[in-house]
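Asks: So that we are looking at the same thing, I have put the structure below in structure tokens.
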Amino acid sequence: MARALRALAQLMGWSCVVIGVFHLILGNAAIPGAGAAGATVDSWGRFMGASFAGYGLAWLWAARQRPIPARAVRWLAGVFLLGGAGRLISLAVHGWPQWFQIALAVIELGLPPVFFCLAGAEERALRGGAETVPAG
């Protein structure tokens, strides 16, 4: 489980860093359908790109820990899930977005439960291993 959790956390971290830098550099051009959204949306998008890159760095930090801190994984996955919930709110308020945003919502809603399960399994495995080690 630790190997799967570490690999998935690293993939998540690097993906978020790359996507964040992509948005930081390209601004509105990085958002399908938002090319002419103006300076305010461009400014916000670039800021959020930098924030998303930082979020990815937090995933990479967690993936480098031995053992991977389950609590950090749960918090990071919860933030990702919250982003997916935000997309659902947008869908309810404004209707269906561009198709790629729907695909992202599926990932944002589907991946956190995987992280929650892996983190819990790893935590149980560590706890079980610690209980079986003789004292002294």
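The values are calculated or read from the model by the stated rules, or taken from the named source; none is laboratory data. What you are looking at is a predicted structure, and each value in this text was computed from that prediction instead of being measured. Every residue, glycine among them, receives a Cβ derived from its backbone with ideal geometry; neighbour counts consider all protein chains shown. Surface accessibility is based on the protein's heavy atoms, side chains included, excluding ligands, DNA and RNA. Shrake-Rupley method; radii C 1.70, N 1.55, O 1.52, S 1.80 Å.
Asks: Give just the number: which of (1) at pLDDT 95 or above; (2) open to solvent by 90 Å² or more (accessible area, probe 1.4 Å) does residue 124 not satisfy?
Replies: Residue 124 satisfies all of (1) at pLDDT 95 or above; (2) open to solvent by 90 Å² or more (accessible area, probe 1.4 Å) except (1).
Asks: Then there's this: Starting from the range 116-128, take each residue that is basic (Lys, Arg) and list its partners that are modelled with pLDDT under 90 and in a helix (DSSP H, G or I), counting only C-beta distances under 8 angstrom and pairs at least six apart or across chains.
Replies: none
Asks: Of the residues 78, 128, 49, only one is within 27 Å of residue 29 (Cα to Cα) and assigned to a helix (DSSP H, G or I); which? Talk me through it step by step, then tell me what you get.
Replies: Working: 78 fails: within 27 Å of residue 29 (Cα to Cα); 128 fails: within 27 Å of residue 29 (Cα to Cα).
After applying the criteria, what remains is 49.
Asks: Among the residues that make up the range 41-55, is at least one of them within 15 Å of residue 115 (Cβ to Cβ) and open to solvent by less than 60 Å² (accessible area, probe 1.4 Å)? Give the derivation first.
Replies: Step one: of the range 41-55, the residues within 15 Å of residue 115 (Cβ to Cβ) are 55.
Of the ones still in play, those that are also open to solvent by less than 60 Å² (accessible area, probe 1.4 Å) are 55.
Yes, that holds for at least one residue.
Asks: Restricting to the range 1-40, count the residues that are modelled with pLDDT under 90, open to solvent by less than 70 Å² (accessible area, probe 1.4 Å) and either β-branched (Val, Ile, Thr) or not in a helix (DSSP H, G or I) (or both).
Replies: Residues flagged as modelled with pLDDT under 90, open to solvent by less than 70 Å² (accessible area, probe 1.4 Å) and either β-branched (Val, Ile, Thr) or not in a helix (DSSP H, G or I) (or both) within the range 1-40 amount to 6.
Asks: Taking residue 109, is it under 16 Å from residue 8 (Cα atoms), assigned to a helix (DSSP H, G or I), in contact with an Asp or Glu (Cβ under 8 Å, 6 or more places away or on another chain) and open to solvent by 40 Å² or more (accessible area, probe 1.4 Å)?
Replies: Values: under 16 Å from residue 8 (Cα atoms): yes; assigned to a helix (DSSP H, G or I): yes; in contact with an Asp or Glu (Cβ under 8 Å, 6 or more places away or on another chain): no; open to solvent by 40 Å² or more (accessible area, probe 1.4 Å): yes.
Here the answer is no, as residue 109 does not meet what is asked.
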